[in-house]
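The values are calculated or read from the model by the stated rules, or taken from the named source; none is laboratory data. Keep in mind the model is a prediction, meaning the values are calculated, not measured. Glycine gets a Cβ as well: all are built from the backbone with ideal geometry, and neighbour counts include every protein chain shown.
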Amino acid sequence: MNIFLLGYRCSGKTSVGKFLAGRLDWSFVDTDEELVQESGLSITDFVSKQGWDAFRQMEKTVIKRVSDLDDHVIAIGGGAVVDIENVKHMKRNGILVWLKADAEAVKKRMLQDKSSGDFRPALTSKEAVDEIEEMLSIRNPYYEKAMAFAVDTNFIDVDEICEVILRNLNELGYSLC
């Protein structure tokens, strides 16, 4: 079994994923990092050279592959849940946890993240806050439909988020620690 972390960019998937994997003594995978490593291009370069459709296709290939792993915490790209095939692959061998963050928290985290520009290209031509709000309104229903449960990451730290995840997993019958 795997734990898949869903959510918009800067919702905490990578930070929480690494910490949670350490707590469980599991391995951690970030599908965006896998895609960068396999393609040899930053996500921004990949998208500018090959387009979003090619990115989403390669993302699907990566998600299908990592879904076959066991005992991994896997952070997936923010838009991956829009593709129903990705969700099917993940649910086949894992539980999906939505790390929720509101637009203000995302914006604040993006401004603090020095790699955000290279690793998180703009999705629209709008200003950052407008784009975040628009994309959250589009993607939140997909996250909600795919998830087993959600954790609000707005006002708690990584350790607390992991505690909530582990408690919820235990309540669902998964005793991992």
Only one of Ala80, Ala54, Ala75, Ala103 is touching a Leu at 6+ places or on another chain (Cβ under 7 Å) and modelled with pLDDT of 95 or more, namely Ala75
Top-ranked residue in region 1-33 [being among the hydroxyl-bearing types (Ser, Thr, Tyr) and in a helix (DSSP H, G or I); ranked as surrounded by the fewest Cβ atoms within 10 Å (Cβ to Cβ)]: Thr14
Given the criterion under 23 Å from Ile165 (Cβ atoms) and touching a residue at least 60 places away in the same chain (Cβ under 8 Å), identify the matching residue among Asp30, Asp70, Asp25. Asp70
Filter region 54-81 down to residues that are surrounded by 15 or more Cβ atoms within 10 Å (Cβ to Cβ) and either assigned to a helix (DSSP H, G or I) or charged (D, E, K, R) (or both), then give me how many there are. 12
Looking at (1) of a type outside the set (A, V, I, L, M); (2) modelled with pLDDT of 95 or more; (3) closer than 23 Å to Ala80 by Cα, which is the one condition that is false for Glu127? (2)
Filter pass, Ser175 being loosely packed, with under 14 Cβ neighbours inside 10 Å, part of a loop (DSSP other than H, G, I, E, B) and modelled with pLDDT under 95: yes
Among the residues of region 34-53, the number that are in a helix (DSSP H, G or I) and either surrounded by fewer than 16 Cβ atoms within 10 Å (Cβ to Cβ) or in contact with a strand residue (DSSP E or B) (Cβ under 7 Å, 6 or more places away or on another chain) (or both) is 10
Residues being in contact (Cβ under 8 Å) with a residue 60 or more places away in the chain and either among the aliphatic types (A, V, I, L, M) or under 21 Å from Leu99 (Cβ atoms) (or both): count how many of those fall in region 37-65. 2
